[in-house]
Every structure is written in structure tokens, then in C-alpha cells.
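Contents: one structure, followed by commentary.
What follows is calculated from the coordinates using simple rules that are stated; it is not laboratory data. Model, not experiment: these values are computed from the prediction. Here Cβ is always computed from backbone atoms with ideal geometry, including for glycine, and neighbour counts include all displayed protein chains.
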Amino acid sequence: MRLQNKIAVVTGAASGFGEAISKRFAAEGASVLVADMNADGAAKVAEAILADGGKAAAFTVDVTNSEQCKAMIQAAVSGFGGLDVLVNNAGVPQRIGLFQNVAEDVVDKIFDVNVKSWLLTTRAALPHLEARGGGSIINTASIAGLRPRPGAAWYNASKAAACSLTLSMASELGAKNIRVNALCPVAAETPLFRDVVGEITEETRNRFLAGIPLGRLATPADVAGAAVYLASDEASFLSGVLLPIDGGRATL
């Protein structure tokens, strides 16, 4: 198994990409703390992992709260014995609309969750990653951070910041043998996508598909597979990678 004996924390893990990452990590041998604001959702994901013979526990967390982030990391360390992988996957979207019409509190929330929370989670995790001789931090960014679409300016900006922050983190943490990489998926039919576009119609789907050369949206499984690779020892010399998972959209 590719993640045998590794211990991981995955935020935003109650659904979508985070759920898929948590389940794939566990299937590959990792012990996983399934962390989310949605306590019931996190518990269901952890229960599913346990039912399949994996190792997991659920934790309720608001990643914009420093004390809760500290408690989250401590729960993984106390429950499983350390920390090897942190997946900063929690995120919030922006409903499609003109940038000047977005309320200030919405902009604040987007940046607090999509960017600032990484300070809180990573700061709590660093001593424990160092204690294991290094580790892997995987940030969920977006292809929107590299190739923004109109109608989601503040989300795009937060993911561009996330990409830049990933590179800065990689450059600063390399000396501690901590690798930092980002997943940059294109749109996928997850709860977050529905929050962006509302009801997913054939017209909506086709509008997004038109910009993807491989002709389909991403799936949580696509993202989970990439996350497994970045967390594994196979990627031991990869850091500062902004990995498009986009069916070729970044090529257009």
C-alpha cells in the first residue's frame, strides 16, 4: 500500500474531494482524521472507512478558528501517534456574478477559508511534521487560480493566492523536509460546484465542458488519485508543484 503507516489530516472531508481523498488515503494504508464543520458528514465518512477495514476518526472543526485547528492536529497526534500528511482541502465558493456585486462579508469568508486558514492549520501541524522527520502538505487550490473564468473573481483571486502561497510554503519548508504541493482541479459535480452555479442543468454543464479538451468535468476520484501520489514516497522530490487536474483546460 502506498501510504502504509502514514497519518493524515484532511480538512473539508465530509463530502466532495475531501471525502474521496480520505477514503483513498485509508485504502492505501493511512490513518485518517476526517475533519469538517459538518460533524454528521465527517462521522459518516469515518464510519465508512472503518467499515471497509481502514483507520479513521472524525473531528469537527472550523478551520478559521486557531484553537480548533490546534485541537484538530492534536487529535490526530493523540489518536494515531503523529502526523505525516496535512491536506488543506476546506474551501468555500463564490456564486457566479460580477465582482463588484459581491458583498464584503462574502469576500472576507472566501479569503479566510481558502487562504488564511492554511496559516492556522499548518502552524499547528509543523512541529509534528518536523518530529516525524518531514512530511507532505497538500493544498487544494483550483485551475481557477491559474486560468480564471469570468463571474467568480473573488474565488479566482483566492485560489491564485493559494497557488502563490503554496510556492512560498514549499520554498520555506523544504529545509525541514516538508514538501508542499497544490491540487488545481477544474470544475467537478460536487456540493461546492452546486453552490457556485445553483441547479446543474445540461446548459450549465455544457458551458463548462466547452473549455475542457478531454470533454468531461473532474471527479473526486481524479483528485484523490493525485493526492495519493503527492502524499506518497513516490513523490519524495516533488515540492512547489501546482498540479492541474483539468482535462487539458490549462492548455487553452
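Candidates [x] 48, 37, 34; [y] 57, 41, 37; [z] 55, 40, 33; which is the computed Cα extents along the principal axes in Å? Matching the structure shown: [x].
If contacts are Cα pairs under 8 angstrom and at least 6 residues apart, what is the relative contact order of the chain in percent?
Worked out over the chain, it gives 20 percent.
Distances between placed amide hydrogens fall under 5 Å for residue 139 paired with 88, 181, 182, 183, all partners being 5 or more residues away or on another chain. Near residue 246, the amide H atoms lying under 5 Å from its own belong to 186; only residues 5 or more places off or on other chains count, and H is placed 1.01 Å from N. Within the shell of other residues whose beta carbon sits under 11 angstrom from the beta carbon of residue 127, the net charge comes to +3, with Lys and Arg scored +1 and Asp and Glu -1.
How much net charge surrounds residue 185 when only the other residues with a Cβ under 11 Å from the Cβ of residue 185 are counted, with Lys and Arg +1 and Asp and Glu -1?
0
What the phi angles of segment 230-238 give under the Karplus curve with 6.51, -1.76 and 1.60, with θ = phi - 60°, is a coupling list of 5, 7, 7, 5, 4, 9, 5, 10, 9 Hz, glycine and proline written as x. Exceedance of the 27 Å cut-off in Cα-Cα distance is limited, within the set 116/176; 6/109; 55/116; 6/70; 44/176, to 6/109; 55/116; 44/176. Once both labels are positioned 7 Å from their Cα atoms along Cα-to-Cβ, the gap between residue 177 and residue 48 label points is 3.5 nm.
Length gained on full extension, residue 40 to residue 123, computed as 0.36 nm times the residue gap minus the Cα-Cα distance: 27.2 nm.
Given R₀ = 41 Å, what would the calculated FRET efficiency be for residue 104 paired with residue 202, taking r from the Cβ atoms and rounding to 0.05?
FRET efficiency, residue 104 to residue 202: 0.75.
Would you work out if segment 1-132 is rounded, prolate or oblate? Take a ≥ b ≥ c from the square roots of the eigenvalues of the alpha-carbon gyration tensor; rounded if a/c is under 1.5, else prolate when a/b is larger than b/c, oblate otherwise. Prolate shape, in that a/c is at least 1.5 and a/b is the bigger ratio. The phi torsions of segment 215-229, fed into the Karplus equation with coefficients 6.51, -1.76 and 1.60 and a -60° offset, translate into couplings of x, 8, 6, 5, 10, x, 5, 4, 6, 5, x, 5, 5, 4, 4 Hz, rounded to whole numbers, with Gly and Pro shown as x.
Note that segment 143-149 has calculated 3J(HN,Hα) couplings of 4, 5, x, 9, 9, x, 9 Hz, one per residue in order, obtained from phi through the Karplus relation 6.51 cos²θ - 1.76 cosθ + 1.60 (θ = phi - 60°); glycine and proline are x.
Of the residues 234, 19, 189, 203, the one with the fewest other Cβ atoms within 10 Å heads the list, and the complete ranking is 203, 234, 189, 19.
Taking every pair of alpha-carbon atoms in segment 106-247, give the share separated by more than 22 Å as a whole percent.
41 percent
Under a 5 Å amide H cut-off, with hydrogens placed 1.01 Å from N, residue 56 pairs with 32 among residues at least 5 apart or on other chains.
Model label points for residue 168 and residue 229, set 7 angstrom from Cα along the Cα-to-Cβ axis, are 2.8 nm apart.
Ordered by the count of other Cβ atoms within 10 Å of each Cβ, fewest first, 184, 163 give 163, 184. In this calculation the C-beta distance from residue 78 to residue 189 is compared with R0 = 41 Å, giving a FRET efficiency of 0.70.
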